[in-house]
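For reference, the structure discussed in these notes is given below.
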Amino acid sequence: MTDTVAIVGGTGPEGRGLALRFARAGVPVVVGSRDAARAAEIAAGLAPGDGLALSGAANPDAASQADIVLVAVPWEGHERTIRDLADVLAGKLVVDIVNPLEFDDRGPVTIRVPEGSAAEQAAALLPRSTVVAGFHHVSAKHLVDESHPVDTDVLVCGDDRAAKDRVIALAERVPGVRGIDAGLLRMAHILEDWTSVLLSVNRGYRTSAGIRLSDLDPARRRP
């Protein structure tokens with residue numbers, strides 16, 4: 001059985017791109033937003049007439065329909081959104097893809113989070129959910145542009161191996177993506193820091209590069 005995926009805050013570029021690529025891969029997707037009408041409009045406009053399993057709903061309704069919930073809200077709304085959805089997210093697998101970043105005249109910089117990372121903040125606020133971190137380094141531009149391949153690794157952190165395996169499997173539904181177990185949830189702040197580095201590289205080289213690890217054979221992963 002294929003998991004249904006909800007993307008809370010899914011009307012932004014990253015959320016729209018992931019929704020489109022997952023739906024193309026046969027995954028039922030519900031785009032979430034604070035505004036149900038806006039979510040429905042975005043979902044309908046992603047692939048009009050293609051018959052994909054794409055719908056839109058207010059964030060709580062989207063989350064309630066899903067087996068896996070991706071949190072893709074802006075950092076400034078992260079804590080409030082998680083608190084508001086704590087009851088509906090109970091018992092679900094939550095994937096935090098939020099990067100706590102800010103920009104100044106010198107470029108991007110990671111915001112320090114008291115819990116250690118955005119994902120760890122989510123885990124602290126969601127004791128009845130299973131929280132993992134992932135999808136931090138996938139180019140929204142490439143996701144939305146279907147003519148462009150998504151050639152990247154998705155690094156996944158979490159304390160529950162079975163949950164990580166489900167997220168890795170979800171990531172690999174998208175052609176060109178390889179899911180990688182990147183360790184425990186306490187490593188999530190490093191993924192968030194890497195986003196600042198990647199944005200700086202992309203800014204300097206005028207591109208939208210992702211991350212691909214070398215000399216790595218998934219078959220050699222420790223049991």
Q) Hey, among the residues in segment 136-160 that are among the charged types (D, E, K, R) and modelled with pLDDT of 95 or more, which one's surrounded by the most Cβ atoms within 10 Å (Cβ to Cβ)? A) D153
Q.
Pairs needed: first member in segment 1-26, among the polar types (S, T, N, Q); second member anywhere, surrounded by fewer than 24 Cβ atoms within 10 Å (Cβ to Cβ) and assigned to a strand (DSSP E or B); C-beta distance under 9 Å; at least 6 residues apart or different chains.
A. T4/I68
Q.
Exactly one condition in (1) at positive phi; (2) touching a Leu at 6+ places or on another chain (Cβ under 8 Å) is false for G116; which is it?
A. (2)
Q: State the number of residues belonging to segment 156-183 that are closer than 20 Å to A209 by Cα and part of a strand (DSSP E or B).
A: 5
Q: Identify, from the list A40, A66, A47, A6, the residue that is out of contact with any Cys (no Cβ under 6 Å at 6 or more places or on another chain), over 22 Å from K164 (Cα atoms), small (G, A, S) and at pLDDT 95 or above.
A: A40
Q: For segment 114-133, name all the residues that are in contact with an Asp or Glu (Cβ under 7 Å, 6 or more places away or on another chain) and either hydroxyl-bearing (S, T, Y) or part of a loop (DSSP other than H, G, I, E, B) (or both).
A: S117, T130
(Q) I want to confirm something. Restricting to segment 161-185 and keeping residues that are closer than 19 Å to T4 by Cα and touching a Leu at 6+ places or on another chain (Cβ under 7 Å), which single residue is surrounded by the fewest Cβ atoms within 10 Å (Cβ to Cβ)? (A) A163
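The values are calculated or read from the model by the stated rules, or taken from the named source; none is laboratory data. What you see is a predicted model, and the numbers here were worked out from it, not measured in a lab. Counting neighbours? That spans all protein chains shown, and the Cβs are built from the backbone with ideal geometry, glycine included.
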